[in-house]
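The values are calculated or read from the model by the stated rules, or taken from the named source; none is laboratory data. Note that the structure is predicted; figures quoted are calculated from it, not measured. Positions of Cβ are backbone-derived with ideal geometry, glycine not excepted, and every protein chain shown enters the neighbour counts.
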C-alpha cells in the first residue's frame, strides 16, 4: 500500500494595512502595513511557532501589504517565500483608493449586475476574478504535494473558496461571502488521487482579539 498523497493548503488574508485602517477600497492600489498589522502578523507567527506549524513554501501576492505579511511569517517559520502575481487583489477599477463613504455616494447599486460586469467601470467582475483564482489554485496544485501557505487578499480568497467548494459566481453578487479578517485564515486538504477537498477551518483568527 502506498502512502496517501495530500496537499495541505492554508489560505490567509494579509495583516491590516494603512488602507484598511482608513476604510479605503484598496484593490491593486498599494498601501503598507500599519503598526497594528505588523503586530497581527507577528502574533500569528508566534502562535504557529508555539503550535509547531511549518510550511514547505509561503506563496504571496506581490502587493506590499501581502508581501510584508508573508515575509514576517516566512522569516519566523524559516520557510522559503515566493511571489505569485495570480494572487493579487481584484482590480477594482476607478474605485481603487476610495473611502467607503465616497464609494457609496458615487456608485449606486444597479438593478441587475451580472458576474461579467466590470467593477468600478474598468475593473474585474466576479467572473474574471473567479477564473484567475481558479488558475492560481491550478498552478498551486502543479507543485509537489506538501504544506503551502498562500497570503493574499479578501476578494481573491473568496473566489478561491468558490473554486474549491464548487460555487459559481451569481448575479447581483448573490451567494456566500467568506469573511477573512486581517490575518484570518482557512485550512484545506486536497487528495489529488480522489479529487477530494476537505475543509478543516475557515476564518480562524484566534491569535488576535480585538479590544
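Observations on the model:
- Pairs meeting the criteria (first residue in segment 161-180 and without any contact (Cβ under 8 Å) to a residue 24 or more places away in the chain, second residue loosely packed, with under 14 Cβ neighbours inside 10 Å and part of a loop (DSSP other than H, G, I, E, B), beta carbons under 7 Å, at least 6 apart or on different chains) are 167/176.
- Verdict on residue 89 being modelled with pLDDT of 95 or more and either closer than 23 Å to residue 44 by Cβ or over 15 Å from the mean Cα position of the chain (by Cα) (or both): yes
- Summed over segment 138-190, the residues that are assigned to a helix (DSSP H, G or I) and more than 30 Å from residue 36 (Cβ to Cβ) give a count of 6.
Results for (1) surrounded by fewer than 12 Cβ atoms within 10 Å (Cβ to Cβ); (2) farther than 23 Å from residue 48 by Cβ; (3) under 9 Å from the mean Cα position of the chain (by Cα); (4) at pLDDT 95 or above, shown as yes or no for each residue.
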{"site": "152", "(1), (2), (3), (4)": "no, no, yes, yes"}
{"site": "161", "(1), (2), (3), (4)": "no, no, no, yes"}
{"site": "164", "(1), (2), (3), (4)": "no, no, no, yes"}
{"site": "171", "(1), (2), (3), (4)": "no, yes, no, no"}
{"site": "175", "(1), (2), (3), (4)": "no, yes, no, no"}
{"site": "178", "(1), (2), (3), (4)": "no, no, no, no"}
{"site": "182", "(1), (2), (3), (4)": "no, no, no, yes"}
{"site": "190", "(1), (2), (3), (4)": "no, no, no, yes"}
{"site": "196", "(1), (2), (3), (4)": "yes, yes, no, yes"}
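- Among the residues of segment 122-143, the one identified as surrounded by fewer than 18 Cβ atoms within 10 Å (Cβ to Cβ), more than 16 Å from residue 60 (Cβ to Cβ) and touching a residue at least 60 places away in the same chain (Cβ under 8 Å) is 141.
- Selection status of residue 198, assigned to a strand (DSSP E or B), in contact (Cβ under 8 Å) with a residue 40 or more places away in the chain and either out of contact with any helix residue (DSSP H, G or I) (no Cβ under 8 Å at 6 or more places or on another chain) or under 24 Å from residue 98 (Cα atoms) (or both): no
- Test: residue in segment 56-72 that is in contact (Cβ under 8 Å) with a residue 60 or more places away in the chain, in contact with a helix residue (DSSP H, G or I) (Cβ under 8 Å, 6 or more places away or on another chain) and surrounded by fewer than 19 Cβ atoms within 10 Å (Cβ to Cβ): no
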